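Data block below; observations after.
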Amino acid sequence: MTYLLGIDQGTTQTTAVVLDERGQVAAKNSAPLPVRFPQPGWVEQDPADIVRTVREAAAPLIEQYPIAAVGFDNQGETFLVWDGETGQPLTPAIVWQDKRGVAVCKTLAGQVEADWLRRKTGLLLDSYFSAPKLRFALENDPVLREAVLSGRARFGTTETWVIWNLSPGRLHVTDPSTASRTLLFDVNRFEWDDELLALFGAPRDILPEVRPSAGYVGDLDFGVGKPLPLHALLVDQQAALFGQACFAPGEMKCTFGTGSFLLMNIGAEMRLSRHGLLTTVAWRFGERTAYALDGGIFVTGAAVQWLVDSLKLLPDPAASAALAAQSADPGVTFVPALAGLAAPHWQADARGALFGLSRGTTPADIARATLDGIACRVYEVVTAMAQDAGQSPAPLKVDGGPSGNPYLMQAIADLLNMEVRVAAAREATAIGIANLAGHSALSLSLEELAARWQAEAVYKPKMDEARRALTLERWRRALEALQRFHRP
């Protein structure tokens, strides 16, 4: 039997899955990835830990199964710089959540025309992306700056760094989807852009070669048996889009975790959002190019965890569904902006707020308001996607841990007035990158991959129009009040 290996190098863990010839998960293994917070707003990882967790997650599976091809997805905006001669890191891995690039963005805001930047990159000037943090590091670290100027330095996101180590040192590569998350890449020409490089002080010679998202890249040595051929590279959210078989324009997915990340396939034409979303490269290989609208919600599962850890209202996140169902006060409204409001508002300084509290408010009311608030945030992003696409979107496919919360999934279906389909395979990201490797190495067609997708549960809308309108009106008023409170 032929097997495929998908490696999902995520922010909190690295997960590897093995797929059999029918596309079923034959085995899975994960390794936790530590994160450190050296000062407020800074989020880092040890580069050695990233390589270690990839080996720990993948090696036992490689020893057990004959792997035909490997696919590798990554955190997206997290990056590091290392010495190309010694292989030693010159920076920590600076995580996508890190805020050290905020000051750079404020400095450049008056120098950069926002539409010019969006037309080139599809993105906003934000510390979320790699380039502002890279410029901060270059401006504040003389040793790093000297290594960059001498030509020794190498820049890369987490998959680039791991592939360099597993090659070893032969491959310095990335793919268009990952490059499109740096603010250094022209998503129209699919090339590193000289004007953007100058803006952020990044010499071209430190950057990796951009390879197609699917196709033979080279061999990786995991230290167990013979090297394995690498055939697919993507950002994690784009890998989940592929894993959810969203191959046609208008198809969309939401991956739930700490936050929620919604992507809609918009086809082969680069189009900018008019409703507060980003445009990113979904994948590019052969004659096939797909762009996606991207709407990130930074706090969803983290809001439920806040109820557990900080408010002590729940024993664990899974208990939120049953508790929310006990609520007798639908007037309590929560805007879960615990780390700002991302798409489609982009208000980094906003903070969460509860409205409609009384002496009779119960933990059940707050649990329900939290889940409803998450549903309202998803509603906002999907509505923006539908407006940009100019069409009613396809049913929403979902994956990730919170997709197992029946109250939340029903609330989303009710507010959107559309089906929400929970993927039977929760590891859509690792499965997606394994499927893309199979498309490249084994000529698995997209039609065959789409036919393999299955739903574990389907939630149909049940809410009547009057209640939906009232819920959304309460949300609108709460959101307006929060935004007024944080207005300068």
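The values are calculated or read from the model by the stated rules, or taken from the named source; none is laboratory data. None of these values were measured; they are calculated from a predicted model. Glycine gets a Cβ as well: all are built from the backbone with ideal geometry, and neighbour counts include every protein chain shown.
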Open item on the list: Within the range 46-62, does at least one residue satisfy the condition of being in a loop (DSSP other than H, G, I, E, B), at pLDDT 95 or above and more than 18 Å from the chain's Cα centre (by Cα)?
Closed with: yes
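Could you tell me how many of the residues in the range 229-249 are surrounded by fewer than 21 Cβ atoms within 10 Å (Cβ to Cβ) and either outside any loop (DSSP other than H, G, I, E, B) or over 19 Å from the mean Cα position of the chain (by Cα) (or both)?
Final tally of qualifying residues: 3.
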Task: From E63, E77, E56, residue being within 16 Å of E159 (Cα to Cα) and surrounded by fewer than 23 Cβ atoms within 10 Å (Cβ to Cβ) - done: E56
Task: Count of the range 445-461 residues which are buried (at least 19 other Cβ atoms within 10 Å of the Cβ) and either of a type in the set (G, A, S) or in contact (Cβ under 8 Å) with a residue 60 or more places away in the chain (or both) - done: 2
- [ ] Please list, ordered by first then second residue, the pairs with beta carbon atoms under 7 Å, 6 or more apart or interchain, first in the range 290-313 and closer than 30 Å to G122 by Cβ and at pLDDT below 90, second of a type in the set (S, T, Y) and not in a helix (DSSP H, G or I).
- [x] T300/S260; G301/T258; A302/T258
Task: Of all residues in the range 395-436 being at pLDDT 95 or above and among the basic types (K, R), the one that is farthest from F256 (Cα to Cα) - done: R421
Open item on the list: If I ask for residues that are touching a residue at least 60 places away in the same chain (Cβ under 8 Å) and more than 16 Å from T86 (Cβ to Cβ), which ones from the range 129-159 would you list?
Closed with: A131, P132, L134, R135, L138, E139, T157, T158, E159
- [ ] State which residue is nearest to Q238 (Cα to Cα) when the search covers only the range 285-309 and only residues that are small (G, A, S) and part of a helix (DSSP H, G or I).
- [x] G301
- [ ] Please indicate, with yes or no, whether at least one residue in the range 36-52 is among the aliphatic types (A, V, I, L, M) and within 22 Å of G257 (Cα to Cα).
- [x] yes
TODO: Those residues that are under 16 Å from the mean Cα position of the chain (by Cα), more than 30 Å from L442 (Cβ to Cβ) and among the hydrophobic types (A, V, I, L, M, F, W, C), I need them from the range 69-96; list them, please.
DONE: F79, I94, V95, W96
Open item on the list: Return the residues of the range 10-26 that are more than 16 Å from T53 (Cα to Cα) and of a type in the set (A, V, I, L, M); say none if nothing qualifies.
Closed with: V18, L19, V25, A26
Open item on the list: With the structure loaded, tell me whether D115 is over 21 Å from L220 (Cβ atoms) and assigned to a loop (DSSP other than H, G, I, E, B) or whether it fails that test.
Closed with: no
Task: Test: residue in the range 119-127 that is closer than 27 Å to Q39 by Cβ, in contact with a Cys (Cβ under 7 Å, 6 or more places away or on another chain), without any contact (Cβ under 8 Å) to a residue 40 or more places away in the chain and not β-branched (V, I, T) - done: yes
- [ ] State all residues of the range 312-349 that are buried (at least 17 other Cβ atoms within 10 Å of the Cβ), touching a helix residue (DSSP H, G or I) at 6+ places or on another chain (Cβ under 6 Å) and part of a loop (DSSP other than H, G, I, E, B); if no residue qualifies, say none.
- [x] L313, L314, S327, V332, P336, A343, P344
TODO: Give just the number: which of (1) surrounded by fewer than 18 Cβ atoms within 10 Å (Cβ to Cβ); (2) part of a strand (DSSP E or B); (3) of a type in the set (G, A, S) does A282 not satisfy?
DONE: (1)
Task: Pairs with Cβ under 8 Å, 6+ apart, first in the range 251-268 and on the phi > 0 side of the Ramachandran plot, second in a strand (DSSP E or B) - done: G267/A290; G267/Y291
- [ ] Can you confirm whether the range 283-292 contains a residue that is under 25 Å from R119 (Cβ atoms), among the polar types (S, T, N, Q) and in contact with a strand residue (DSSP E or B) (Cβ under 7 Å, 6 or more places away or on another chain)?
- [x] no
Task: From A348, A343, A337, residue being modelled with pLDDT of 90 or more and either touching a Pro at 6+ places or on another chain (Cβ under 9 Å) or not polar (S, T, N, Q) (or both) - done: A337
Open item on the list: Could you tell me how many of the residues in the range 169-211 are closer than 22 Å to E85 by Cα, part of a strand (DSSP E or B) and of a type outside the set (V, I, T)?
Closed with: 1
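May I ask you to verify whether I412 is touching a residue at least 24 places away in the same chain (Cβ under 8 Å), in contact with a Ser or Thr (Cβ under 6 Å, 6 or more places away or on another chain) and either buried (at least 24 other Cβ atoms within 10 Å of the Cβ) or not in a helix (DSSP H, G or I) (or both)?
Numbers: touching a residue at least 24 places away in the same chain (Cβ under 8 Å): yes; in contact with a Ser or Thr (Cβ under 6 Å, 6 or more places away or on another chain): no; either buried (at least 24 other Cβ atoms within 10 Å of the Cβ) or not in a helix (DSSP H, G or I) (or both): yes.
Judged against the criteria, I412 is not a match.
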Task: From E195, E209, residue being among the acidic types (D, E), more than 16 Å from H439 (Cβ to Cβ) and in contact (Cβ under 8 Å) with a residue 60 or more places away in the chain - done: E195
Open item on the list: One residue is enough: does the range 7-17 have a residue meeting the conditions touching a helix residue (DSSP H, G or I) at 6+ places or on another chain (Cβ under 7 Å), at pLDDT 95 or above and part of a helix (DSSP H, G or I)?
Closed with: no
Open item on the list: Pairs please, first residue from the range 421-444 and in contact (Cβ under 8 Å) with a residue 24 or more places away in the chain, second anywhere and part of a strand (DSSP E or B) and among the basic types (K, R), Cβ atoms under 6 Å, 6+ apart in sequence or on different chains.
Closed with: R421/K397
